[in-house]
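Novice: A single structure is presented below for examination.
The values are calculated or read from the model by the stated rules, or taken from the named source; none is laboratory data. Keep in mind that what you see is a predicted model, and the values were worked out from it rather than measured. Cβ coordinates were reconstructed from backbone atoms using ideal geometry, including for glycine residues, and neighbour counts include every protein chain displayed. The accessibility values were calculated without ligands, DNA or RNA, using every heavy atom of the protein model including side chains. Shrake-Rupley method; radii C 1.70, N 1.55, O 1.52, S 1.80 Å.
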There are 2 protein chains.
Amino acid sequence: MSEDLVGNALIGQSGGPTAVINASVAGVIAEALNNNEIEEIYGTLNGVLGILQEDFVDLASESQQTIRGLKHTPGAALGTCRYKLKKQADFERVLEVFKAHNIRYFFYAGGNDSQDTADKISKLAQEQGYALRVIGIPKTIDNDLAITDHCPGYGSVIKYISTTVREIACDNEAMGQHDLVQIVEVMGRNAGWIAAGASLAKRKDHPHDAPHIILLPEVAFSQEKFIADVQRVLKREKSCMIVVGEGLIDADGNYVSAAEATDAFGHAQLGGAADFLQGLIEQNLPGIKARTVKLGMAQRAAVHAGSKTDVDEAYLAGQAAVKAAINGETDKMITLLRGDHDHYTVETGLAPLSDIANGVKKLPREWINEDGISMNHQFVRYAQPLIQGETVVPYDNGLPVFAKLEKVRVDKQLAAYEL
Amino acid sequence: MSEDLVGNALIGQSGGPTAVINASVAGVIAEALNNNEIEEIYGTLNGVLGILQEDFVDLASESQQTIRGLKHTPGAALGTCRYKLKKQADFERVLEVFKAHNIRYFFYAGGNDSQDTADKISKLAQEQGYALRVIGIPKTIDNDLAITDHCPGYGSVIKYISTTVREIACDNEAMGQHDLVQIVEVMGRNAGWIAAGASLAKRKDHPHDAPHIILLPEVAFSQEKFIADVQRVLKREKSCMIVVGEGLIDADGNYVSAAEATDAFGHAQLGGAADFLQGLIEQNLPGIKARTVKLGMAQRAAVHAGSKTDVDEAYLAGQAAVKAAINGETDKMITLLRGDHDHYTVETGLAPLSDIANGVKKLPREWINEDGISMNHQFVRYAQPLIQGETVVPYDNGLPVFAKLEKVRVDKQLAAYEL
C-alpha cells in the first residue's frame with residue numbers, strides 16, 4: 001500500500017466504441033465514489049481532445065439511474081476521438097490542465113494507440129515530478145491487445161455476429177433450391193479475431209454448419225483456392241456462407257480492395273472485401289448468386305445482442321482500474337486473466353502500458369484448421385465462454401432505451417488552447 | 001357453416017422468408033390438429049416446387065417441442081421458392097398431386113406472387129369440380145399486400161432496423177468530433193414501408209434524433225436536394241444518419257444504381273443504393289466521411305430482435321386460416337384488421353385471393369412529411385404498435401437455438417414430373 005494520494009479523478013474514452021466501453025466507465029464511477037482519496041470524478045469529452053480543451057463534465061452529479069444505464073448503452077457516452085497527441089506542447093498542455101484541475105487519477109479506456117497516449121502522459125508526469133496515477137482499461141472489439149487474455153468488447157461483437165450468421169443460415173437453407181453464396185463482411189483490421197468468432201455459430205458436432213468459409217488476414221488470400229472452396233461447399237450444401245474480415249491480405253501482403261485513404265494513425269481505411277468477393281464469384285462461377293451483408297458500425301454497437309459476460313468484465317475492469325490506482329499502481333493497464341479451471345473464471349491483472357502500447361496479439365496460427373478457412377476446438381474453447389449470458393436491456397415502446405449523460409460542465413481554469 | 005370436407009391438409013411457404021413465417025406454420029399445425037375434418041397435415045418442401053415433385057413431409061410426426069420452436073425460428077422451415085407456375089401443365093400437375101394425396105385443404109404463406117399462385121390453383125380446382133379449400137396467409141417484410149392492415153414479418157423487420165439505427169446513433173454521436181455520414185441500406189422493393197419504419201428509432205418529441213434522412217421510393221430522388229439535406233443535418237448535428245431502401249427511384253422513374261439482373265418474376269434485382277449515396281457524398285462534400293451498413297438478409301432473419309406482437313399475429317393468422325377453411329371458406333387470404341380503439345387491437349378477416357394477387361399497398365403519401373425525408377405522427381401511430389413486445393428466444397451456450405424439422409417424407413404416389 002503506497003501513501004495516500006488525494007485529488008480528482010478523470011476518465012476518458014478513446015478510439016472506436018464497443019458495446020461495453022460505457023460499462024467500464026460505470027465501473028470506474030461506482031468504484032471512485034467508494035474511495036475518499038478521490039474527491040471529484042470528472043469525465044473528459046472526446047478523450048484527449050477534451051483534456052486539451054478543458055472539456056470536462058462532473059460525473060458525480062449524474063443520476064444513479066443514468067450511470068446504471070451506461071452498462072447497456074452503446075457508443076461512448078463521454079465521446080471518443082482518434083486524435084493523436086503529436087507535439088510536445090500537447091503533452092505539456094495535458095499536464096497543465098491536470099494540474100489546474102488537481103487531476104491525480106487518470107483512467108483511459110481504449111486500444112493500443114490510446115494506451116500509448118496514456119503511457120506518454122504518465123511518463124511526462126513522472127519526469128516533471130507531478131504525482132499522477134494512470135491506469136488504462138482495455139477496450140477493443142479487435143481483441144488484439146497484448147498480454148490480456150481478451151478485451152472487453154470482443155465477446156459482444158462475436159456474439160452478435162454469430163447470432164446473425166446462425167439466423168442468416170436458416171434463411172439461406174430455406175432458399176436452398178438455388179445455389180446461393182452469402183458473404184458477411186465484419187470488422188477486424190490486422191487480426192482475424194472477429195471473423196474467427198463467427199465460427200461459434202456452428203452447433204457442436206456440426207462442422208458443416210455455417211459459416212462454411214472464414215477468411216482471415218492471417219491466411220494469405222488466394223483467388224484460386226477461394227473459388228475451389230466455394231465450389232466444394234456449394235456441391236455439398238447448396239448454399240455457402242462466407243465471413244470475411246475487412247483486412248483481407250494477399251500473398252504479397254497487400255490488402256485486397258484496400259482504399260487509398262488512411263486514418264490519423266496511418267492505418268489503411270479498409271472496406272469493400274465482400275463486394276470484391278462477390279465480383280470474384282460472379283466472374284468465376286456463372287449462374288451463382290452472391291449476396292452481401294456488411295454489418296459495419298452496427299456490430300460494435302449491438303448492445304441488444306450483447307454478452308453478459310462481456311458487460312460484467314468491462315465493468316469489473318473499470319472497478320479494478322480504480323482499485324489499482326488507489327493501491328499506488330500507475331502506468332499500467334488492467335488485464336483479464338483466465339483461470340486454469342475446467343469452468344471459465346476471470347480475474348484482473350496489470351501490465352505496463354508500454355508493453356500494451358506497441359504490441360499486437362495475433363490470432364494463434366495453430367487455432368486455424370489446416371484448410372485455412374475454419375477454426376479448431378482450441379479457438380472454440382477460448383472464445384465460447386466470452387459470449388455466455390445475454391445483456392439485459394430495458395425496453396420502452398418496443399425499443400431499447402439508452403442512457404444519456406447530463407454532461408454538467410466543469411468550469412474551465414485556463415486560457416483556450418490552439419489545437 | 002358449410003358441409004364437412006374431410007381429407008388431408010397441406011401447408012407451404014413461398015417467397016423470401018421473414019422472422020415469423022414459421023410462426024404461421026406453427027399456428028396452422030396447432031389448429032389443424034384440433035379438427036377432425038383434417039386427417040393428415042403435410043408440409044410441401046420449397047412451396048409449389050414440392051407440390052410438383054411430391055416432396056411432402058408429415059408434420060404431425062414432428063415433436064411438439066419442434067413445432068413450438070418454429071415460433072422463434074427464422075428462415076422458412078419447409079423451404080421456400082421463387083418458382084413461378086408457368087404452363088397449364090404445371091397447374092394440372094398440382095391438382096393431380098392433390099388428388100393423389102387427398103389434399104382438401106391448402107394453406108399458402110407468401111406475398112402477392114404466392115397468393116396469385118394459390119388463387120390460380122383454387123380456380124382450377126373449382127373448374128374441375130375438385131373440392132379444395134385454399135386459404136392464403138399473408139407474409140412479407142415489404143408490408144405491401146393490399147387490404148390487410150399490415151403483414152406478418154413487417155413488425156419484426158422494422159423493430160430490428162429501428163434498434164440498429166438507435167444503436168448506431170449512439171456510436172455516431174460518440175465519434176462526433178468529425179462530420180460523419182452513416183448510410184444504412186434496407187430492403188423494400190417498390191414501397192418505402194421498411195425504410196419508413198426506421199423512423200420509430202426517434203424518441204418521442206425528439207425530431208432531430210436519427211435517422212435524419214429517410215429515402216423512400218415514393219419520393220423521387222434528387223441529388224441536389226439530397227446533398228443540401230445532408231449539409232443541413234451535418235451543420236446541426238455533426239453526424240447524419242440516412243436510411244435508404246434498395247428501391248430508390250429518380251424523377252424519371254428509374255432505379256438509382258439498379259443492376260441489370262431480374263428475378264424469375266421479372267422484378268429488377270436491386271442493391272447498391274448505399275454505395276451510390278456514399279460516392280455522391282464523397283464527390284460533393286470533400287472531407288466528409290461516409291460509412292455504409294448493408295443489413296441484407298440479416299434483417300429478415302433477425303428473430304433475436306423480433307417483435308412479440310408480430311410473432312403472435314403470424315401464429316394467429318395460421319390458426320385463422322385453418323378455422324376459415326373448416327368453416328367452408330376458400331380462395332381467400334387471411335387479413336389483419338385493426339380495431340378502432342385508442343389501444344391497439346387486431347382481429348383477422350378474409351379477402352379474395354385475386355384482390356391480393358395483383359394489388360400493391362402503397363405507403364400513404366400523406367404520412368410522409370413535407371420535407372420528403374421523414375415520417376409524420378400518422379405513420380408512427382400506425383407502425384408503433386407492431387413492434388411492441390420482445391420475441392423470447394431460448395439460448396444455449398450463448399446463442400439462440402432454432403428448430404429443425406425432422407422432415408419425415410410422405411410416400412410418393414405418382415411418376416416423377418419434369419419441371
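Novice: I'd like the residue in the range A:169-182 that is aliphatic (A, V, I, L, M) and surrounded by 23 or more Cβ atoms within 10 Å (Cβ to Cβ) and, out of all such residues, is farthest from the other protein chains (Cβ to nearest Cβ). Reasoning before the result, please.
Specialist: In the first step, residues of the range A:169-182 are kept if they are aliphatic (A, V, I, L, M); the result is A:169, A:174-175, A:180-181.
After this cut, where a residue has to be surrounded by 23 or more Cβ atoms within 10 Å (Cβ to Cβ) as well, the list is A:169, A:174-175, A:181.
Details: A:A169: 8, A:A174: 4, A:M175: 6, A:V181: 12 Å.
The extreme case among them is A:V181.
Novice: Let me spell it out: the conditions are (1) in contact with a Phe, Trp or Tyr (Cβ under 8 Å, 6 or more places away or on another chain); (2) closer than 19 Å to B:Y108 by Cβ; (3) within 14 Å of another protein chain (Cβ to nearest Cβ), and B:L405 meets all of them except one. Which number is the exception?
Specialist: Of everything listed in (1) in contact with a Phe, Trp or Tyr (Cβ under 8 Å, 6 or more places away or on another chain); (2) closer than 19 Å to B:Y108 by Cβ; (3) within 14 Å of another protein chain (Cβ to nearest Cβ), B:L405 misses just condition (1).
Novice: Tell me yes or no: at least one residue of the range B:136-158 is of a type in the set (K, R) and in a helix (DSSP H, G or I).
Specialist: There is no residue in the range B:136-158 that is of a type in the set (K, R) and in a helix (DSSP H, G or I).
Novice: Being touching a Leu at 6+ places or on another chain (Cβ under 9 Å) and either among the hydrophobic types (A, V, I, L, M, F, W, C) or buried (at least 24 other Cβ atoms within 10 Å of the Cβ) (or both) is the filter here, so list the residues in the range B:313-329 that pass it.
Specialist: Selection gives B:E313, B:L316, B:A317, B:A320, B:A324, B:A325, B:I326.
Novice: Working carefully through the options B:V380, B:V346, find the one that is more than 14 Å from chain A (Cβ to nearest Cβ), under 21 Å from the mean Cα position of the chain (by Cα) and either without any contact (Cβ under 8 Å) to a residue 40 or more places away in the chain or farther than 17 Å from B:A19 by Cα (or both).
Specialist: Of the residues listed, the single one that is more than 14 Å from chain A (Cβ to nearest Cβ), under 21 Å from the mean Cα position of the chain (by Cα) and either without any contact (Cβ under 8 Å) to a residue 40 or more places away in the chain or farther than 17 Å from B:A19 by Cα (or both) is B:V346.
Novice: Have a look at A:A251, A:A258 and point out the one that is open to solvent by 70 Å² or more (accessible area, probe 1.4 Å) and modelled with pLDDT under 95.
Specialist: Selected residue: A:A251, the only one of A:A251, A:A258 that is open to solvent by 70 Å² or more (accessible area, probe 1.4 Å) and modelled with pLDDT under 95.
Let's see how each residue does on (1) β-branched (V, I, T); (2) open to solvent by 20 Å² or more (accessible area, probe 1.4 Å):
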position: A:R133; (1), (2): no, yes
position: A:L145; (1), (2): no, no
position: A:G155; (1), (2): no, no
position: A:T163; (1), (2): yes, no
position: A:E167; (1), (2): no, no
position: A:V184; (1), (2): yes, no
position: A:K202; (1), (2): no, yes
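Novice: Which number in (1) under 21 Å from the mean Cα position of the chain (by Cα); (2) assigned by the TED database to the domain that holds B:G69 marks the one condition that B:P364 misses?
Specialist: (2) is the only condition that B:P364 fails.
Novice: Let me ask something else. Tally up the residues in the range B:43-71 that are in a helix (DSSP H, G or I), open to solvent by 30 Å² or more (accessible area, probe 1.4 Å) and within 14 Å of chain A (Cβ to nearest Cβ), please.
Specialist: Selection size over the range B:43-71: 1.
Novice: So how many residues does the range A:78-90 have that are away from chain B (no Cβ under 14 Å) and either open to solvent by 20 Å² or more (accessible area, probe 1.4 Å) or assigned to a loop (DSSP other than H, G, I, E, B) (or both)?
Specialist: 5
Novice: Residues being of a type in the set (D, E, K, R), modelled with pLDDT of 95 or more and open to solvent by 10 Å² or more (accessible area, probe 1.4 Å): count how many of those fall in the range A:265-312.
Specialist: Step one: list which residues in the range A:265-312 are of a type in the set (D, E, K, R), which gives A:275, A:282, A:289, A:291, A:294, A:300, A:308, A:310, A:312.
Still in the running and modelled with pLDDT of 95 or more: A:294, A:300, A:308, A:310, A:312.
The next check asks that each one be open to solvent by 10 Å² or more (accessible area, probe 1.4 Å); those that pass are A:294, A:300, A:308, A:312.
The qualifying residues number 4.
Novice: Restricting attention to the range A:271-329, which residues are within 13 Å of another protein chain (Cβ to nearest Cβ), of a type in the set (K, R) and within 24 Å of the chain's Cα centre (by Cα)?
Specialist: Once the filter is applied, which keeps residues that are within 13 Å of another protein chain (Cβ to nearest Cβ), of a type in the set (K, R) and within 24 Å of the chain's Cα centre (by Cα), the range A:271-329 yields A:K294, A:R300, A:K308.
Novice: Which ones in the range B:193-251 are among the hydroxyl-bearing types (S, T, Y) and touching a helix residue (DSSP H, G or I) at 6+ places or on another chain (Cβ under 7 Å)? Talk me through it step by step, then tell me what you get.
Specialist: So in the range B:193-251, the residues among the hydroxyl-bearing types (S, T, Y) come out as B:199, B:222, B:239.
Within the range B:193-251, B:S199, B:S239 meet the criteria.
Novice: I need a count of the residues in the range B:6-32 that are away from chain A (no Cβ under 14 Å) and modelled with pLDDT under 95.
Specialist: Within the range B:6-32, residues that are away from chain A (no Cβ under 14 Å) and modelled with pLDDT under 95 number 0.
Novice: Additional query: Please determine whether any residue of the range B:94-106 is without any contact (Cβ under 8 Å) to a residue 40 or more places away in the chain, open to solvent by less than 10 Å² (accessible area, probe 1.4 Å) and under 30 Å from B:V360 (Cα atoms). Give the derivation first.
Specialist: Looking only at the range B:94-106, we keep the residues that are without any contact (Cβ under 8 Å) to a residue 40 or more places away in the chain, and these are B:95, B:99.
Subset that is open to solvent by less than 10 Å² (accessible area, probe 1.4 Å): B:95.
Within this subset, residues satisfying the condition of being under 30 Å from B:V360 (Cα atoms) are B:95.
Within the range B:94-106, one or more residues are without any contact (Cβ under 8 Å) to a residue 40 or more places away in the chain, open to solvent by less than 10 Å² (accessible area, probe 1.4 Å) and under 30 Å from B:V360 (Cα atoms).
Novice: While we're on this one: Looking only at the range B:383-400, filter to residues that are assigned to a strand (DSSP E or B) and within 7 Å of chain A (Cβ to nearest Cβ); which one of those is surrounded by the most Cβ atoms within 10 Å (Cβ to Cβ)?
Specialist: B:L399
Novice: Against the conditions (1) away from chain B (no Cβ under 13 Å); (2) crowded, with 24+ Cβ neighbours inside 10 Å; (3) not polar (S, T, N, Q), where does A:E40 fall short? Just the number, please.
Specialist: Single failed check for A:E40: (2).
Novice: Does the range A:117-133 hold any residues that are out of contact with any Lys or Arg (no Cβ under 8 Å at 6 or more places or on another chain) and farther than 29 Å from A:G197 by Cβ, and which are they?
Specialist: Residues satisfying the conditions are A:K120, A:I121, A:S122, A:K123, A:L124, A:A125, A:Q126, A:E127, A:Q128, A:G129.
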